[in-house]
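Have a look at the structure below before the remarks.
No value in this document is a laboratory result; all are computed from the given coordinates. As the structure is a prediction and not an experimental result, all values here were calculated from the model. FYI the Cβ positions are ideal-geometry reconstructions off the backbone, even for glycines, and counts take in every protein chain you see.
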Amino acid sequence: MFLAIANHKGGVGKTTSTLALGGLLSELGSCLVVDLDPQGNLTTGLGVELGSDQPGAYHWLTGQVTAAQVIQKTASGLYLLPADGNLSRAEMELLQKSGAFYTLRDRLTSCREQFRYVLMDCPPSRGLLTINALAAADWVLIPVQCQFFALKGLSALLETVDHVQRRLNPKLQILGVLPTMAEMQTIMTQDVLNALTAQQNFPIFKPLPKSVKFPESNLAGEPIHRYTHDARLLTPLRELVQFIQRQETL
């Protein structure tokens with residue numbers, strides 16, 4: 001399964017969700033996480049720091065190295081295709097080539113048989129890297145922060161998904177929306193959850209609570225389930241993993 005984790009808005013928990021889901025999915029089968037954000041937060045969140053002479057996602061996307069030359073197995077058991085600031089150069093270079101929207105899909109071809117799950121952590125933009133991820137994906141998961149303005153970001157992404165489905169990848173499906181940083185006792189969180197439930201015709205998953213444990217686990221370079229046993233944090237993620245498993249059998 002190829003899963004893009006995307007939202008045009010920054011700070012909604014895309015990288016945290018990728019790390020958390022990837023860690024749990026890796027216990028079911030081989031899992032590759034692909035860092036498509038030039039900020040490289042997914043890479044550093046898994047305890048990897050690319051040296052100046054090490055190839056990363058930029059070199060791979062532009063055809064300078066193979067997947068085998070750049071993928072690393074991390075201490076958590078996850079496989080990582082790392083990124084750093086060099087990736088910001090990729091969009092301009094890829095736009096000058098034919099088939100620019102399918103570059104990622106074509107480069108990932110060799111990974112489909114090697115990995116049961118491939119998760120793509122998208123940058124907070126509507127640019128070529130996000131379009132590439134959606135064009136390569138079977139499914140897209142949309143993390144949405146439980147704040148009012150996050151709903152506008154969701155609307156923008158849904159427009160992009162619709163465009164990709166019509167023009168580039170008719171097989172792309174929306175897995176659902178994952179509410180993040182939820183503070184269930186607040187009116188804001190309740191209003192956002194009610195709005196999501198009322199407006200959307202796809203799954204709205206159980207919210208991920210706001211917790212310092214998520215950034216702490218990132219700093220520790222570990223998926224959240226290896227950092228804490230707090231059921232309040234892990235239950236929504238485990239239920240989402242079960243949902244993903246059911247989609248595999250359809």
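Can you return the lysines within cross-link range of Lys73? Criterion is Cα-Cα under 27 Å, with same-chain partners fewer than 8 residues away left out.
List returned: Lys14, Lys213.
With θ taken as phi - 60° and the coefficients 6.51, -1.76 and 1.60, list the Karplus ³J(HN,Hα) couplings across the range 107-113 in order, rounded to whole Hz; mark glycine and proline as x.
6, 8, 3, 5, 8, 5, 7
Need one word for the range 84-123: rounded, prolate or oblate. Basis is the Cα gyration tensor (sqrt eigenvalues a ≥ b ≥ c); a/c below 1.5 gives rounded, then a/b vs b/c decides.
Oblate.
Kindly provide the Kirkwood hydrodynamic radius of the range 185-235 in Å, to one decimal, from all pairs of distinct alpha carbon atoms.
Numbers: mean 1/r = 0.0783 Å⁻¹.
So the Kirkwood estimate lands at 12.8 Å.
After finding the eigenvalues of the alpha carbon gyration tensor for the range 109-210, what semi-axes result from the square roots of 5 times each, listed largest first in whole Å?
27, 15, 12
Based on the alpha carbons, how large is the Rg to Rh ratio for the range 4-159 when Rh follows Kirkwood?
On the Cα set of the range 4-159, Rg over Rh gives 0.94.
Taking neighbour Cβ counts within 10 Å as the exposure measure, how do Ser26, Ser52 sort from fewest upward?
Ser52, Ser26
Rounded, prolate or oblate for the range 1-86? Axes are the square roots of the Cα gyration tensor eigenvalues, ordered a ≥ b ≥ c, and the cut-off for rounded is a/c under 1.5.
oblate
Can you list residues from other chains, or at least 5 along the same chain, whose modelled amide H is less than 5 Å from the amide H of Leu119?
For Leu119, whose amide H was placed from the backbone, the distant partners under 5 Å are Leu3, Leu32, Val33, Val34.
Which cross-chain or sequence-distant (5 or more) residues have an amide H under 5 Å from the amide H of Thr180, H modelled 1.01 Å from N in plane?
Hits under the 5 Å cutoff: Val144, Gln145, Cys146, Leu208.
Between Phe243 and Ser110, what is the spin-label point distance in nm, taking each point 7 Å from the Cα along the Cα→C-beta axis?
3.4
Could you tell me the distance between the Cα centroids of the range 30-96 and the range 143-220, to the nearest Å?
So the two Cα centres are separated by 25 Å.
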